[in-house]
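The values are calculated or read from the model by the stated rules, or taken from the named source; none is laboratory data. Since we're looking at a predicted model, the values are computed, not measured. Don't worry about glycine lacking a Cβ; one is built from the backbone with ideal geometry, like all the others, and counts go over all protein chains shown. These accessible areas exclude ligands, DNA and RNA; they are computed on the full protein's heavy atoms, side chains included. Shrake-Rupley method; radii C 1.70, N 1.55, O 1.52, S 1.80 Å.
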Amino acid sequence: MENLLEIKNLTVEYHTQGEIVHAVNGLSLNLRQGESLGLVGETGAGKTTTALSILQLVADPPGKIMGGEIFFDGVDLLKTKKSLLRSVRGNKISMIFQDPMTSLNPVYSVGFQIAEVIQLHENCSKEEARRKAEEMLEMVGIPKERYEEYPHQFSGGMKQRVVIAMSVACSPQIILADEPTTALDVTIQAQVLELMNDLKEKLHTSLLLITHDLGVVAQVCDRVAIMYSGEIVEQGTIPEVFDHPAHPYTIGLFGSIPTLSMESTKLTPIEGQMPDPTELPAGCNFSPRCPYARAECHSKKPGVTRIPGEATHELRCFALGWEQPDETLMEVIKRGR
Amino acid sequence: MADNILEVKHLKKYFKTNRGTLHAVDDVNFSIRKGETLGLVGESGCGKSTIGRLILGLHSATSGEILFNGQDICKADAQQMHDLRRQMQIIFQDPFSSLNPRMSISEIIGEPLIIHKMVSSRAELDKRVLELMDVVGLSQRLENSYPHELDGGRRQRVGIARALSLTPQFIMCDEPVSSLDVSIQAQVLNLLKDLQAEFGLTYLFITHDLSVVKYFSDKIAVMYLGQLVETSASDELFRNTLHPYSQALLSAIPEPRAHHKMQRVKLTGELTSPINPEPGCRFAKRCLYAAPYCTGQDPTLQDFGDNHFCACFRAEELRKEAAGIEE
Ligand SMILES: Nc1ncnc2c1ncn2[C@@H]1O[C@H](COP(=O)(O)OP(=O)(O)OP(=O)(O)O)[C@@H](O)[C@H]1O
Ligand SMILES: Nc1ncnc2c1ncn2[C@@H]1O[C@H](COP(=O)(O)OP(=O)(O)O)[C@@H](O)[C@H]1O
Ligand code: SF4
Ligand code: SF4
Ligand SMILES: [Mg+2]
Ligand SMILES: [Mg+2]
């Protein structure tokens, strides 16, 4: 599969009141044609900043893209002209936000707002746009009779489905979805996830799905990248990462979530908190919380290595290279989930 | 039963709105035994927090009884309520908005001790506050910090320490970990479990997250639009889910596993409005199994053995059907 989007060494900072927030720190990530990739991390990990950088929507000030390249269709979006970027936004790459009202205008009917997008991108007649908008509404499970209704007459899940309809209306190549279901109830979330899965199959769109929910990723994505303090610490296919998580942070994350299939009566949380993004540790960003940290972890930054014997499973951690391996960690990785 | 710390009987709370009467809690019955945890689950707006607020006397009930150690909260006067409050505490979802931003951590934790005159000297107060901070795993150096200086997990620990200060018997936890990151959620859930074991606490644990209740509760009550649709021991509920809504809710949870795609029970139709609801099963518009006789009158909780109750006209029939297919 070909890479549709290639992020290389992206570094983004926010400069506020004499402090520098290191939000994204040399992040590299690829998204292939037709694939869906989950970007998982806790609050402040830098997920939203990464997505906003792709479309250059990071607020400046205080945000600054300090370095890196983002190739889309062979063009570096970070160096491209404003006019080209505008045609990419919403046209070739569209974004879905956590709060559907970010994308909806309260004073226009939902149908009108979808039709407007279609008209803009396809240069078709009003009637044609309306007909297509009605189709889109039905596709996301909303009867077309509700075309004339306003956002406030819809529930959260319905509004999010309208936003999804708007974002696929112009048949984008990539959809960036930032926590699209976090604000929804589980039964409604399940409907929206199913819808996204269907659309993905029908339209072969690539999807970057940002979430903190490992369950959502397992249901929707082909691959997953785990983010911590502005870096990808582990990535691979869903079976690679979910069956045998190998980064101490990922292992801790899985130990922290109660699941329905869980038998144990005690969770095994990660001690401590995420490091302050204005004062990142000198060594591995996870070293202050890592139960396996050794001296070098506190002074040097680990690079990315491929796990031996696995096709795409990558890790940002020293532990697999140690001559004297940590027996406990090796045991945990081998046992898997 | 004698060892029930809390009994809720035919509890109703209606709100008058300009579109009609909103049935937030509509004839709810349940009990919690001392030292146990009841998990109250349901989706947004179904009435969980309203039940919680009724129990704490923060709303007055439209009708019904709430017996705390046998005493009816709904009939308590101001002085009785003041005394009851000492026994019942609450931990809120949003640890930020629930803490006074102008008070230091030690003042927040110590305030209930002063209000209820539980300490006789400044030295005793300080000692007790530090003890409480230690119990919930807050470092002493944070004593003079303010809420905005703490992260969500620590703020929630402050809320827990405050709730524990009066050595209550009963704590209501309203979505206590929903606003926290997963790694911090686990720390707080473990802490709540440890405290329960240490102090013999009884919890009413309100949440929309079934995986959290499964981990946390002895008994579970599933709520839909103001009514309980199923109550049972926790493991029994997951083993033998009876109500169509509980089944749909369970099947909608995305499991964090590879090779385990969701087999979702599809829900169709629209949510019923809680305003002036027609008599009949509130779930009928979305239920796969809805029959004509599901509307007209409300289903009530029926005993299916082993303290497993379900309010569905077709539960027995559906259970037999399911068993038949498996045989
Ligand atoms: N003071 C009030 N006046 C009018 N209606 C209210 C009031 N408080 C709650 N309601 C309504 O009662 C119903 C139940 O609300 P409640 O807050 O108990 O839900 P909940 O189950 O706690 O939901 P969530 O999971 O979103 O917290 C909702 O329809 C809500 O809009
Ligand atoms: N506008 C902003 N000004 C200052 N700091 C910001 C701003 N937006 C995000 N940040 C900081 O950047 C880091 C990454 O944030 P974000 O990309 O929103 O993470 P996520 O989406 O993973 O929660 C956090 O430390 C956050 O506080
Ligand atoms: S590099 Fe060291 S500190 Fe970082 S995750 Fe690996 S073992 Fe832990
Ligand atoms: S009573 Fe009828 S509508 Fe309600 S849950 Fe049972 S089968 Fe469904
Ligand atoms: Mg975000
Ligand atoms: Mg609530």
Check on B:L195, assigned to a helix (DSSP H, G or I), over 13 Å from the mean Cα position of the chain (by Cα), away from ligand 6 (no atom under 16 Å from the Cβ) and facing another protein chain (nearest Cβ under 7 Å) = no
Which numbered condition A:G34 fails, given (1) within 16 Å of ligand 5 (Cβ to nearest atom); (2) closer than 17 Å to A:Q173 by Cα = (1)
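Just wondering, is there one or more residues in region B:72-85 that are more than 16 Å from ligand 2 (Cβ to nearest atom), of a type in the set (G, A, S), in a loop (DSSP other than H, G, I, E, B) and open to solvent by 60 Å² or more (accessible area, probe 1.4 Å)? Outline the logic, then answer.
The initial filter retains those residues of region B:72-85 that are more than 16 Å from ligand 2 (Cβ to nearest atom), namely B:72-85.
Now narrow it down to the ones that are of a type in the set (G, A, S): B:76, B:78.
Of the ones still in play, those that are also in a loop (DSSP other than H, G, I, E, B) are B:76.
Going one step further and asking which of them are open to solvent by 60 Å² or more (accessible area, probe 1.4 Å), we end up with none.
Scanning region B:72-85 turns up no residue that is more than 16 Å from ligand 2 (Cβ to nearest atom), of a type in the set (G, A, S), in a loop (DSSP other than H, G, I, E, B) and open to solvent by 60 Å² or more (accessible area, probe 1.4 Å).
Residues are listed down the side, and each one gets a yes or a no for (1) touching a Leu at 6+ places or on another chain (Cβ under 6 Å); (2) of a type in the set (D, E); (3) more than 30 Å from A:I251 (Cα to Cα); (4) assigned to a strand (DSSP E or B):
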| site | (1), (2), (3), (4) |
| --- | --- |
| B:V222 | no, no, yes, yes |
| B:L228 | no, no, yes, yes |
| B:T231 | no, no, yes, yes |
| B:L249 | no, no, no, no |
| B:H260 | no, no, no, no |
| B:V265 | no, no, yes, no |
| B:Y293 | no, no, yes, no |
| B:G305 | no, no, yes, no |
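Kindly establish whether B:S97 is in contact (Cβ under 8 Å) with a residue 40 or more places away in the chain, within 14 Å of ligand 6 (Cβ to nearest atom), not in a strand (DSSP E or B) and not charged (D, E, K, R).
Spelling it out, it is not the case that B:S97 is in contact (Cβ under 8 Å) with a residue 40 or more places away in the chain, within 14 Å of ligand 6 (Cβ to nearest atom), not in a strand (DSSP E or B) and not charged (D, E, K, R).
Say we look at region A:203-216 and pick out the residues that are within 11 Å of chain B (Cβ to nearest Cβ) and in a helix (DSSP H, G or I); which of these is surrounded by the most Cβ atoms within 10 Å (Cβ to Cβ)? Explain how you work it out, then say what you get.
Restricting attention to region A:203-216, the residues satisfying the condition of being within 11 Å of chain B (Cβ to nearest Cβ) are A:211-216.
Within this subset, residues satisfying the condition of being in a helix (DSSP H, G or I) are A:214-216.
Values: A:L214: 27, A:G215: 22, A:V216: 24.
Going through the qualifying residues, I end up with A:L214.
If only one of B:L210, B:L267 is within 29 Å of A:I142 (Cα to Cα), away from ligand 3 (no atom under 16 Å from the Cβ), touching a helix residue (DSSP H, G or I) at 6+ places or on another chain (Cβ under 9 Å) and without any contact (Cβ under 8 Å) to a residue 60 or more places away in the chain, which one is it? It would help to see each step written out before you state the result.
Details: B:L210 fails: without any contact (Cβ under 8 Å) to a residue 60 or more places away in the chain.
Only one candidate qualifies: B:L267.
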Any residue at all in region A:165-173 that is assigned to a helix (DSSP H, G or I), hydroxyl-bearing (S, T, Y) and either surrounded by fewer than 21 Cβ atoms within 10 Å (Cβ to Cβ) or within 25 Å of the chain's Cα centre (by Cα) (or both)?
-> yes
Evaluate region B:293-308: report whether one residue or more is modelled with pLDDT of 95 or more and open to solvent by less than 10 Å² (accessible area, probe 1.4 Å).
-> yes
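Can you spot a residue in region B:158-174 that is within 14 Å of chain A (Cβ to nearest Cβ), of a type in the set (S, T, N, Q) and either over 15 Å from the mean Cα position of the chain (by Cα) or surrounded by 22 or more Cβ atoms within 10 Å (Cβ to Cβ) (or both)?
no
Against the condition assigned to a helix (DSSP H, G or I) and without any contact (Cβ under 8 Å) to a residue 24 or more places away in the chain, how does B:R154 come out, does it pass?
On the way: assigned to a helix (DSSP H, G or I): yes; without any contact (Cβ under 8 Å) to a residue 24 or more places away in the chain: yes.
Yes: the conditions hold for B:R154.
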Within region B:217-271, which residues are over 20 Å from the mean Cα position of the chain (by Cα), away from every other protein chain (no Cβ under 12 Å) and surrounded by fewer than 22 Cβ atoms within 10 Å (Cβ to Cβ)?
-> B:N240
Tell me, which strands (runs of 3 or more DSSP E) lie completely within region A:32-106 with 1 or more residues that are farther than 30 Å from A:I270 by Cα?
-> A:63-72, A:93-96
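Quick one: would you say B:I66 is within 17 Å of the chain's Cα centre (by Cα) and either more than 16 Å from ligand 5 (Cβ to nearest atom) or crowded, with 18+ Cβ neighbours inside 10 Å (or both)?
Details: within 17 Å of the chain's Cα centre (by Cα): yes; either more than 16 Å from ligand 5 (Cβ to nearest atom) or crowded, with 18+ Cβ neighbours inside 10 Å (or both): yes.
So B:I66 fits the description; yes.
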The lone condition B:G35 fails out of (1) away from ligand 1 (no atom under 12 Å from the Cβ); (2) in a loop (DSSP other than H, G, I, E, B); (3) out of contact with any helix residue (DSSP H, G or I) (no Cβ under 8 Å at 6 or more places or on another chain) is (3)
For residues that are farther than 26 Å from A:I7 by Cα and open to solvent by 30 Å² or more (accessible area, probe 1.4 Å), tally how many sit in region A:189-201.
-> 3
From the residues in region B:12-45 that are buried (at least 22 other Cβ atoms within 10 Å of the Cβ) and over 21 Å from B:Q302 (Cα atoms), which one is farthest from the chain's Cα centre (by Cα)?
-> B:H23
Could you say which residue among B:S165, B:S183 is among the polar types (S, T, N, Q) and under 21 Å from A:M274 (Cα atoms)?
-> B:S183
Test set (1) touching a Pro at 6+ places or on another chain (Cβ under 6 Å); (2) at pLDDT below 95 - A:T278 fails condition number = (1)
Residue pairs within 6 Å by beta carbon, gap of at least six or interchain, first lying in region B:22-50 and within 14 Å of another protein chain (Cβ to nearest Cβ) and under 10 Å from B:A221 (Cβ atoms), second part of a loop (DSSP other than H, G, I, E, B) and within 15 Å of ligand 6 (Cβ to nearest atom), listed first then second, are B:K48/B:G42
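Conditions tested, residue by residue: (1) within 14 Å of chain B (Cβ to nearest Cβ); (2) in contact with a strand residue (DSSP E or B) (Cβ under 6 Å, 6 or more places away or on another chain); (3) closer than 20 Å to B:S44 by Cα; (4) hydrophobic (A, V, I, L, M, F, W, C).
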{"residue": "A:R161", "(1), (2), (3), (4)": "yes, no, yes, no"}
{"residue": "A:A165", "(1), (2), (3), (4)": "no, no, no, yes"}
{"residue": "A:L176", "(1), (2), (3), (4)": "no, yes, no, yes"}
{"residue": "A:Q191", "(1), (2), (3), (4)": "yes, no, yes, no"}
{"residue": "A:L195", "(1), (2), (3), (4)": "yes, no, no, yes"}
{"residue": "A:E201", "(1), (2), (3), (4)": "yes, no, no, no"}
{"residue": "A:A218", "(1), (2), (3), (4)": "yes, no, no, yes"}
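When region B:100-128 is examined, which residues are found to be in contact (Cβ under 8 Å) with a residue 24 or more places away in the chain and either assigned to a loop (DSSP other than H, G, I, E, B) or open to solvent by 30 Å² or more (accessible area, probe 1.4 Å) (or both)? Reasoning before the result, please.
Going through region B:100-128, the residues in contact (Cβ under 8 Å) with a residue 24 or more places away in the chain turn out to be B:100-106, B:108-113, B:116, B:118, B:128.
Within region B:100-128, B:N100, B:P101, B:R102, B:M103, B:S104, B:E111, B:H116, B:M118, B:R128 qualify.
Listed residues A:T237, A:T268, A:T278; which is open to solvent by 20 Å² or more (accessible area, probe 1.4 Å), in contact (Cβ under 8 Å) with a residue 60 or more places away in the chain, within 10 Å of chain B (Cβ to nearest Cβ) and among the β-branched types (V, I, T)? Break it down stepwise before answering.
On the way: A:T268 fails: in contact (Cβ under 8 Å) with a residue 60 or more places away in the chain; A:T278 fails: within 10 Å of chain B (Cβ to nearest Cβ).
After applying the criteria, what remains is A:T237.
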Limited to region A:132-151, what total is found for residues that are out of contact with any Cys (no Cβ under 9 Å at 6 or more places or on another chain) and among the basic types (K, R)?
-> 2
In region A:85-111, residue nearest to ligand 2 (Cβ to nearest atom) [restricted to those that are open to solvent by 70 Å² or more (accessible area, probe 1.4 Å) and without any contact (Cβ under 8 Å) to a residue 40 or more places away in the chain] = A:T102
Answer residue from region A:43-63, given it is more than 10 Å from ligand 5 (Cβ to nearest atom) and either within 14 Å of another protein chain (Cβ to nearest Cβ) or polar (S, T, N, Q) (or both) and is surrounded by the fewest Cβ atoms within 10 Å (Cβ to Cβ) among those | A:Q56
